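Notes follow the structure.
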Amino acid sequence: MALKEHIKVMVVDDMSVSRGLLEQALDKIGVKNVAYKNDGQSALDDLSAKPVHLVISDFNMPKMDGLQLLESLRKQQKTQKIGFVLVTGSEDGNVVTRGKELGMNNFIKKPFTPDSLRSCLEEVVGPLG
C-alpha cells in the first residue's frame, strides 16, 4: 500500500480558504487520511490525545501561531516525533530560522502548487507513492 493511502495528516489553519487549498492539493496528491483544525490550541489538544504522522500548519494564526504549536508538540513525549511542515506567506527569514531551531521538518511558502506541496512532504516522510 502506498504511503499516501495510510499516512495520517492534520492541517491546521485559521483561514477556511487556506484550509480548502491545502485540502484540494492533498486530494490531488492522493493523501486520504486528513483531519482539519482551525487553531493551534484545538490541534494541540487533539494531537496530545491522538497523534498523527504529519502536521501541516499555517504560521500566522491567532492565540497560538504555528511556531508555538510546533514548540508545544516538541515538548511532549507523545507528540515530539510528529513530522511538522510550516506553511507561511511571510517574507521574514526569522520565521523559518526559528522553526528550524524548534525542530520543524520542512516549510512551504504561499502560494504553492500540489506538486510543490508533494515535494515538500516527501522530503519529510519519503515517497508518497
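What follows is calculated from the coordinates using simple rules that are stated; it is not laboratory data. Keep in mind it's a predicted model, so treat the numbers as computed, not measured. No Cβ is skipped: glycine too gets one built from the backbone with ideal geometry, and neighbour counts run over all protein chains shown.
Across the stretch 13-26, coupling constants 3J(HN,Hα) worked out from phi with the 6.51/-1.76/1.60 Karplus curve, θ = phi - 60°, read 7, 7, 9, 4, 5, 5, 4, x, 5, 5, 4, 4, 5, 5 Hz, and Gly and Pro carry x. Which residue fluctuates the most in the chain, going by a Gaussian network model with Cα springs under 10 Å, if the choices are MET64, MET104, MET15? Result: MET15 has the largest fluctuation of those listed.
State the Cα centre-to-centre distance between the stretch 98-129 and the stretch 23-91 in whole Å. Spelled out, the Cα-based centre of one part sits 12 Å from the other. Arranged from fewest to most other beta-carbon atoms within 10 Å of their beta carbon, SER57, SER119 become SER119, SER57.
Considering only VAL12, VAL87, VAL31, the Gaussian network model of the chain with Cα springs below 10 Å gives its largest mean-square fluctuation to VAL31. Computed on the Cα trace of the stretch 38-113, the radius of gyration divided by the Kirkwood hydrodynamic radius gives Rg/Rh = 0.94. Modelled label positions at LEU128 and LYS32, each set 7 Å beyond Cα in the direction of Cβ, lie 1.4 nm from each other. Taking amide hydrogens as placed 1.01 Å from N in the peptide plane, the amide H of MET64 sits under 5 Å from those of GLY40, GLN41, each at least 5 positions away in sequence or on another chain.
Mean-square fluctuations from a GNM of the chain, with a 10 angstrom spring cutoff on Cα atoms, peak among ILE56, ILE29, ILE108 at ILE29. Translational diffusion coefficient of the stretch 1-40 (Stokes-Einstein, Kirkwood radius from Cα pairs, 37 °C, 0.692 mPa s): 316 µm²/s.
A cut-off of 5 Å between modelled amide H atoms, ignoring neighbours fewer than 5 places along the same chain, links PHE107 with LEU86.
For the chain, the share of alpha carbon pairs falling in successive 5 Å distance bins from zero is 2, 11, 24, 26, 22, 12, 3, 0 percent.
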